[in-house]
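Here the structure is laid out as structure tokens; the discussion comes afterwards.
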Amino acid sequence: MRHLPYFCRGRVVRGFGRGSKQLGIPTANFPEHVVDNLPADVSTGIYYGWASVGSGDVHKMVVSIGWNPYYKNTKKSMETHIMHTFKEDFYGEILNVAIVGYLRPEKNFDSLEALIAAIQGDIEEAKKRLDSPEHLKLKEDNFFQVAKGKLMNGH
């Protein structure tokens, strides 16, 4: 993706129901129209950046954009794992995401365990990269200060 950082927001919708249940890695899912409006040059894969829910605190995150080959999805999705423990689900809330970097392409895995290990590795790598000064400053971006109910895609 040439245009990093990339900012988007949308209402959290129910996903495939496997992030927390099968993987132990909860994800927040964007509706189709947010995924459909991603720039044409967005490669599928795993990215990292910052996220907030509503007008809440900004946290580190990883986001998978693509088809999830292990699960053979027929619809492209954008699933965000926020590195924070929330007390309850936040379906219907506004998810604000700033994608700041790319980790790796999508790939298939031989087992659920291998997929989980790769995601855990992605999370650890993202944590390290987000500690760099260039990425830390984006945590304070005005994008995260925008009024709660305003929807936008892009910059």
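The values are calculated or read from the model by the stated rules, or taken from the named source; none is laboratory data. Remember, it's a predicted structure, so these values are computed and weren't measured experimentally. Here the Cβ positions follow ideal geometry from the backbone for every residue, glycine too, while neighbour counts run over all protein chains shown. Surface accessibility is based on the protein's heavy atoms, side chains included, excluding ligands, DNA and RNA. Shrake-Rupley method; radii C 1.70, N 1.55, O 1.52, S 1.80 Å.
Scanning the stretch 79-126 for residues that are outside any strand (DSSP E or B), within 18 Å of residue 22 (Cβ to Cβ) and of a type in the set (Val, Ile, Thr) turns up 116, 119, 123.
Reported count of residues in the stretch 11-40, each being touching a strand residue (DSSP E or B) at 6+ places or on another chain (Cβ under 7 Å), of a type in the set (Gly, Ala, Ser) and either modelled with pLDDT of 95 or more or within 15 Å of residue 88 (Cα to Cα) (or both), is 2. One residue alone among 110, 131 is acidic (Asp, Glu) and at pLDDT 95 or above, and that residue is 131.
For the stretch 88-138, the candidate set comprises residues that are of a type in the set (Gly, Ala, Ser) and without any contact (Cβ under 8 Å) to a residue 24 or more places away in the chain; within that set, the residue that is surrounded by the fewest Cβ atoms within 10 Å (Cβ to Cβ) is 111.
For the stretch 29-52, filtered to residues that are open to solvent by 30 Å² or more (accessible area, probe 1.4 Å) and in a loop (DSSP other than H, G, I, E, B), the residue that is farthest from residue 103 (Cα to Cα) is 37.
For the stretch 142-155, the criterion of being modelled with pLDDT under 95, part of a helix (DSSP H, G or I) and loosely packed, with under 15 Cβ neighbours inside 10 Å is met by at least one residue. Of the candidates 72, 76, 60, the single residue that is modelled with pLDDT under 90 and in contact with a strand residue (DSSP E or B) (Cβ under 9 Å, 6 or more places away or on another chain) is 76.
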